[in-house]
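Worksheet for the structure shown next.
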Amino acid sequence: MSAPTIRPATRADVPAIAAIYRPAVLTGTASFELDPPDDAEMTRRFDAITQGGYPYFVAEIDGRVVGYAYASAYRTRPAYRFTVENSVYIAPDMQGKGIGPLLLRTLVDGCTAKGFRLMIAIIGDSAQYGSIALHRRQGFTFCGTIHSVGYKFGRWLDTVIMELPLERGDTTPPDEPAAAKASDHS
């Protein structure tokens, strides 16, 4: 197996992205969706994220997209414009091979370059030990757990919230991030 290449995602990657996301919805608890979105919905989401100025990356090995990561608005109200929420998904057969850390580090760097100050990870299910460990190894700290906030597969699920200050964090006044400049805050 070749080493993974991390690159910006394109619309042509959406079918592969949707194929990676599908099992996370159908069999996993990382996503609280119950039905996997089709390619058209995933394209709509991709366009909203990338047109909003947020970074979106894929990991590729031997021409196959094996994972993806993106940042999006943590919340839509203007005061949150310096904070992003991350999402990282890896193809089931490629998990545990070091792709997640590469994607997450690239995403952190991309968000820092765009002027964002805080990255939030909202990890579906407190039993997602791999995701929690991935974020902890990348410098995220634990903020808290929201207990029994979702219901899937016949059981209540928690979410774990973690955070990572980006570059200057809250130590200096902000510059407007590219995504904030591109949106209307009235």
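The values are calculated or read from the model by the stated rules, or taken from the named source; none is laboratory data. A quick note: this is a predicted structure, and the numbers were derived from the prediction, not measured. A quick note on method: Cβ atoms are made from the backbone with ideal geometry, for glycine too, and the neighbour counts reach across all protein chains shown.
Values as computed for the structure displayed
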item	result
Condition broken by Arg77, with the remaining ones in (1) in contact with a Ser or Thr (Cβ under 9 Å, 6 or more places away or on another chain); (2) free of Cβ contacts under 8 Å to residues at least 12 places away in the same chain; (3) not small (Gly, Ala, Ser) satisfied	(1)
Qualifying residues in segment 149-186 (those that are basic (Lys, Arg) and modelled with pLDDT under 95) - the one nearest to Lys114 (Cα to Cα)	Lys181
Residue check for Thr43: over 29 Å from Asp158 (Cβ atoms) and free of Cβ contacts under 8 Å to residues at least 24 places away in the same chain	no
Qualifying residue in segment 165-175 (condition: on the phi < 0 side of the Ramachandran plot, surrounded by 13 or more Cβ atoms within 10 Å (Cβ to Cβ) and assigned to a strand (DSSP E or B))	yes
Counted residues, segment 94-113 - those being among the aliphatic types (A, V, I, L, M) and without any contact (Cβ under 8 Å) to a residue 60 or more places away in the chain	5
Residues (surrounded by fewer than 20 Cβ atoms within 10 Å (Cβ to Cβ), in a loop (DSSP other than H, G, I, E, B) and at pLDDT 95 or above) located in segment 115-144	Gln138, Gly139
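Results for (1) in contact (Cβ under 8 Å) with a residue 24 or more places away in the chain; (2) among the basic types (Lys, Arg); (3) in contact with a Phe, Trp or Tyr (Cβ under 9 Å, 6 or more places away or on another chain), shown as yes or no for each residue.
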site: Phe82; (1), (2), (3): yes, no, yes
site: Pro92; (1), (2), (3): yes, no, no
site: Gly115; (1), (2), (3): yes, no, yes
site: Leu118; (1), (2), (3): yes, no, yes
site: Arg137; (1), (2), (3): yes, yes, no
site: Lys152; (1), (2), (3): yes, yes, yes
site: Arg155; (1), (2), (3): no, yes, no
site: Asp158; (1), (2), (3): yes, no, no
site: Pro165; (1), (2), (3): yes, no, no
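Rundown of residues vs (1) within 30 Å of Asp170 (Cβ to Cβ); (2) buried (at least 18 other Cβ atoms within 10 Å of the Cβ); (3) of a type in the set (A, V, I, L, M), yes/no style:
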{"residue": "Glu41", "(1), (2), (3)": "no, no, no"}
{"residue": "Gly63", "(1), (2), (3)": "no, no, no"}
{"residue": "Arg77", "(1), (2), (3)": "yes, no, no"}
{"residue": "Val84", "(1), (2), (3)": "yes, yes, yes"}
{"residue": "Val88", "(1), (2), (3)": "yes, yes, yes"}
{"residue": "Gln95", "(1), (2), (3)": "no, no, no"}
{"residue": "Gly100", "(1), (2), (3)": "yes, yes, no"}
